[in-house]
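Read through the structure below, which is laid out as structure tokens, and then see the notes.
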Amino acid sequence: MGNDWEPWILHPSKRRTSYRWSRDGEGVIVTATAEAAASGLSRPLDVDPASHPMLEWRWQVDALIPGADNTDPHGEDAPVRVVLDFEGNRAALPVRDRLFFEQMRLLTGRELPYATLMYIWENSQPSETVLRNPHTSRVRKLVVSSGTGELGRWVRFRRNIVEDYRRAFGAEPGRLVGIAILTDTDNTGEKTRGRYGNLRLSPHELRAAAR
């Protein structure tokens, strides 16, 4: 993670999450602190997922968000998220999704991607659960951390984003056009802190590397 990341404003009315850059022995760390807030950091990409399907990162969370529940539209908060944006044929989307996309464009000034896959830390849903966004079918959340068992320590991941996209959306992914991190507590109004590090894409040849 370098300095080529930019603020991601979800909605102009929402309070912004604070992101602070530092380093440890393994590289750059981004510490996110949200207090009734929701904004992220994003980076545009233009990558063929088939050529670079492996996504690696680590994250750390000290405590769960009281009341957070990503199955409830009023409790959709997470202490850490890694967000992937994919291109596709928007004209083929159902009318409901196209109307939602237009509404969000008018509210935020930002075009939504064709599909968004989020890796999240959830309070209670089991790991590997795929959750649908209640507002649009084009956002799916994949639980990769759950509950309190790994709180307070760095958790490392190596995910095949092509396989995860197929499982979440039942289709092949288009080009990967963006990546983001997001820590949010706008629904619960709580305060949380999460840390991110070593976020990168890699080709198949690195599949056998140590996690």
Among Ser145, Ser127, which comes first, second and so on when ranked by fewest other beta-carbon atoms within 10 Å? Ser127, Ser145
What is the distance in Å between the Cα centroid of the stretch 85-121 and that of the stretch 141-157? 27 Å
On each of the three principal axes of the Cα atoms of the chain, give max minus min coordinate, whole Å, ordered largest first. 47, 43, 34
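Do any trypsin sites (Lys or Arg not before Pro) in the stretch 97-138 lie in a DSSP loop with no more than 11 other beta carbon atoms within 10 Å, and if so, which?
Sites meeting the loop and neighbour criteria: none at all.
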Would you mind ranking Asp46, Asp97 by Cβ crowding within 10 Å, fewest neighbours first? Asp46, Asp97
When Lys and Arg each count +1 and Asp and Glu each count -1, what net charge do the other residues less than 10 Å away from Asn133, Cβ to Cβ, add up to? +3
So what's the gap between the Cα centers of the stretch 32-73 and the stretch 170-189, to the nearest angstrom? 6 Å
Here D for the stretch 89-211, in µm²/s, from Stokes-Einstein with a Kirkwood Rh over Cα pairs at 20 °C and 1.002 mPa s, works out to 129 µm²/s
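Which net charge results when you count Lys and Arg as +1 and Asp and Glu as -1 among the other residues whose beta-carbon is under 14 Å from that of Pro94?
My count for the surroundings of Pro94 gives +3.
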Using a 10 Å cut-off around each Cβ, can you sort Arg23, Arg90 from fewest to most neighbouring Cβ atoms? Arg23, Arg90
Treating the beta-carbon of each Lys and Arg as +1 and of each Asp and Glu as -1, no other charges, what is the dipole magnitude of the chain about its Cα centre, to the nearest 20 debye? 140 debye
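Here, each number is a calculation from the coordinates, and none is a lab measurement. The shown structure was predicted, so the numbers you read here are calculated from the model rather than taken from an experiment. Methodologically, a virtual Cβ is constructed for each residue, glycine included, from the backbone with ideal geometry; neighbour enumeration extends over all protein chains shown.
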